[in-house]
Amino acid sequence: MIAFLTLPFMLQSLLIAIDEWYFHCKRGLPLWERIGHPLDTLSLIICLSIPIFLPLSKGNFILYLCLSVLSCLLVTKDEFVHKHHCPAAENWLHALLFLNHPLLLTSAGLIWSVLSGSPLIFLVDCLPHASFLYLFLAIQCGLAIAFMLYQIIYWNFIWPKKAHT
């Protein structure tokens, strides 16, 4: 069950690495992507922060659910323009990322259930691993913060200088 809960995070890391370091570095990013992609990452960070810092309650769950839906919608915002700037393979990769995004957020919500000590029936075997899952979720959030900082710094301050030299 632990592998099931962590798999969407691993898949996200692999897909985003291919997107970033193959497709983005190959074609470069226009300003709207240099601004929009860190916002996408920030929406994920906000969602992941909720199970890390807030106890599971009805109100916090509704907040998490609403922010997760907004994050899923936000990450699709560029697709109207991507179709003109990206090759078909990159658009397909984006489709995989869009399919994985709600799975990742669902996994984070299920991990939150385990962390609260009141997991769903099929997650009972995860209870002994709650401290690992908390650490895993915290590390994932930290990696997302580091990736967002990379997106901001590299694409807005380093890359334009490389492009003009």
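We did not get these values from a lab; they are worked out from the coordinates using the rules stated. These numbers were taken from a predicted model, which means no experiment stands behind them. In this analysis, Cβ positions are derived from the backbone assuming ideal geometry, glycine residues included, and neighbour counts consider all displayed protein chains.
At Leu70 and Lys26, where each label point lies 7 Å from the Cα along Cα→Cβ, what is the point-to-point distance in nanometres?
Going by the 7 Å Cα→Cβ label model, 3.5 nm.
If you stretched the chain out fully between Thr106 and Phe122, how much longer would it get, using 0.36 nm times the residue separation minus the C-alpha to C-alpha distance?
Fully extending the segment from Thr106 to Phe122 adds 4.3 nm.
Taking the Cβ of each residue in Leu99, Leu137, Leu11 as the centre, tally the other Cβ atoms inside 10 Å and list the residues starting with the fewest.
With the fewest neighbours first, Leu99, Leu137, Leu11 line up as Leu99, Leu11, Leu137.
Taking other Cβ within 10 Å of each residue's Cβ, how do Thr106, Thr6 sort, fewest first?
The fewest-first ordering by Cβ neighbours comes to Thr106, Thr6.
Can you give the FRET efficiency for Ile158 and Tyr134, using 1/(1 + (r/R0)^6), R0 = 45 Å, r = Cβ-Cβ distance, to the nearest 0.05?
0.85
Per DSSP H run of at least 4 residues, take -39500 (n - 2.57); add these up for the chain, divide by its residues and hand me the 222 nm value, nearest 500 deg cm²/dmol.
After summing the helix terms and dividing by residue count, I get -24500 deg cm²/dmol.
Let me check I have the definition right: for the range 30-163, take the eigenvalues of the Cα gyration tensor, multiply each by 5, take square roots. What are those semi-axes in whole Å, largest first?
32, 16, 13
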